[in-house]
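Data block below; observations after.
The values are calculated or read from the model by the stated rules, or taken from the named source; none is laboratory data. What you see is a predicted model, and the numbers here were worked out from it, not measured in a lab. Cβ placement follows ideal geometry from the backbone for every residue including glycine, while neighbour counts extend to all protein chains displayed. All accessible areas refer to the heavy atoms of the entire protein, side chains included, with ligands and DNA or RNA removed. Shrake-Rupley method; radii C 1.70, N 1.55, O 1.52, S 1.80 Å.
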Amino acid sequence: MAKTRDTLVSIHEEARRERLLDMEERLRRYRFATFAILGLALAVGGGSSLGYGYWWIAPLIAGLAGFAVADRHMRNSARPALWVAGAWAALPVILAASVLLTGGATSPVLVWFGLPAVTLGFRFEVRGMVLGTVFLIAMFLAAAVIPDPHAAWEQHDQLVAIAALIVSAVILSGALVESDRAHRRRSTLDPLTGLFNRNALEQRLSELDGQPCDPSEGLSHAFLLCDLDHFKRVNDQFGHAAGDAVLQDVAYTMRAALQAGDSIYRVGGEEILVMLPGAGHADALEIAERLRIEVHDRRPVGVPVSLSIGVAVAEPGSVDCDDMLSRADAALYAAKAGGRDRVFADSDGEEGAGGGVPGAPPPREASYS
């Protein structure tokens, strides 16, 4: 059971990691423009014209440098969230320094503490948002109150309003991001099983089609087309509620047996497609057999079920998704015709062989010791 939890945790962690990296990639193109606008505003309205000089330029440059360092290291880091958190935390510190250099409680820069508040929800989950808000308010109060508490008290109405703006910006940004995440989940996830749906599959197939395939260099791909045997009998004998529970349990069992990086899609009523990046012929057969055994031994909600699986591996050269799907479907058909509850592969991949090609040898049953 511990192994199952670890596998699921790694899948969720990888998904969060990719989302975080994608968000940082999208924000990067706008970051320099934002810093340029802040610098221009300070130069025109809050710098030398108010007698504060140009010392505020130093923290802005330091902020840009901090983000540049984080961008360079986070993609190759096992924990990119730490780099992102460090770069984000530098911005309130920079703003605090700018406030101190431009008048403390009377600084026109105080309202800019709302900027890092807006991006909290896009970068972090609830816990990170709470910690970030506390840190942001602490920096805000330190810059506005500590230098001159008397002046801060005289400006307390404005300071309370800005603090309320910061907290409100965090709440609203978090709500918007959660709404977007829920929409994305609905558009790419099957609501019953939680697996990726056909929309997600079409996106992935379009990305994968035409990619180079060279097994000798570890560039290989495999499809496992899986189908629950006699599933209509389950619905007829036990009812559709039990059938839904069986599908949910099978989906959980299969997902838990896969590794991070593998992807699994519900493509029909009881039909599931598994994509295995980097898997060669032997690896694909081994994983398919493991899935078959896991489902067979599971007996979800006390109902005995079995799984037939057709395996197709990409030919050397480039990935042809239509061909792979066709061969996987032919192999699945052979598994069904061969007695069900078994794994069949397409041809060995030798020259002249292939699923669906006239004269080619039929799919073969996988053999295991």
Inset, instruction - Please name all residue pairs, on different chains or six or more residues apart, with Cβ atoms under 9 Å, provided the first residue is in the range 13-35 and is hydrophobic (A, V, I, L, M, F, W, C) and the second residue is at pLDDT below 75 and outside any helix (DSSP H, G or I). - result: 21/75
Legend entry - Candidate set from the range 236-256 (those that are open to solvent by less than 30 Å² (accessible area, probe 1.4 Å) and free of Cβ contacts under 8 Å to residues at least 40 places away in the same chain); member that is nearest to residue 193 (Cα to Cα): 243
Legend entry - Residue that is modelled with the highest pLDDT [pool: residues in the range 138-156 that are under 42 Å from the mean Cα position of the chain (by Cα) and open to solvent by 60 Å² or more (accessible area, probe 1.4 Å)]: 141
Inset, instruction - Would you be able to say whether some residue in the range 257-269 is crowded, with 18+ Cβ neighbours inside 10 Å, closer than 12 Å to residue 295 by Cβ, touching a residue at least 24 places away in the same chain (Cβ under 8 Å) and out of contact with any Ser or Thr (no Cβ under 9 Å at 6 or more places or on another chain)? - result: no
Inset, instruction - Answer yes or no as to whether residue 230 is on the phi > 0 side of the Ramachandran plot and touching a residue at least 12 places away in the same chain (Cβ under 8 Å). - result: yes
Legend entry - Among the residues listed as 44, 69, the single one being over 21 Å from the mean Cα position of the chain (by Cα) and modelled with pLDDT of 75 or more: 69
Legend entry - Counted residues, the range 324-369 - those being modelled with pLDDT of 85 or more and either open to solvent by less than 50 Å² (accessible area, probe 1.4 Å) or in a loop (DSSP other than H, G, I, E, B) (or both): 17
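Quick one: how many residues across the range 217-227 are touching a residue at least 40 places away in the same chain (Cβ under 8 Å) and over 14 Å from residue 275 (Cα atoms)?
Matching residues across the range 217-227 total 2.
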Legend entry - Single match in 120, 115, 159, 100 (criterion: in a helix (DSSP H, G or I), more than 20 Å from residue 80 (Cα to Cα), open to solvent by less than 30 Å² (accessible area, probe 1.4 Å) and not small (Gly, Ala, Ser)): 159
Legend entry - Extreme residue, most open to solvent (accessible area, probe 1.4 Å), among residues of the range 273-323 that are hydroxyl-bearing (Ser, Thr, Tyr) and over 27 Å from the mean Cα position of the chain (by Cα): 306
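Does residue 311 satisfy the criteria of being in contact (Cβ under 8 Å) with a residue 60 or more places away in the chain, in a loop (DSSP other than H, G, I, E, B), under 16 Å from residue 336 (Cα atoms) and in contact with a strand residue (DSSP E or B) (Cβ under 9 Å, 6 or more places away or on another chain)?
Answer is no for this residue.
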Inset, instruction - Would you check which residues across the range 68-92 are of a type in the set (Phe, Trp, Tyr) and not in a helix (DSSP H, G or I) and list them? - result: none
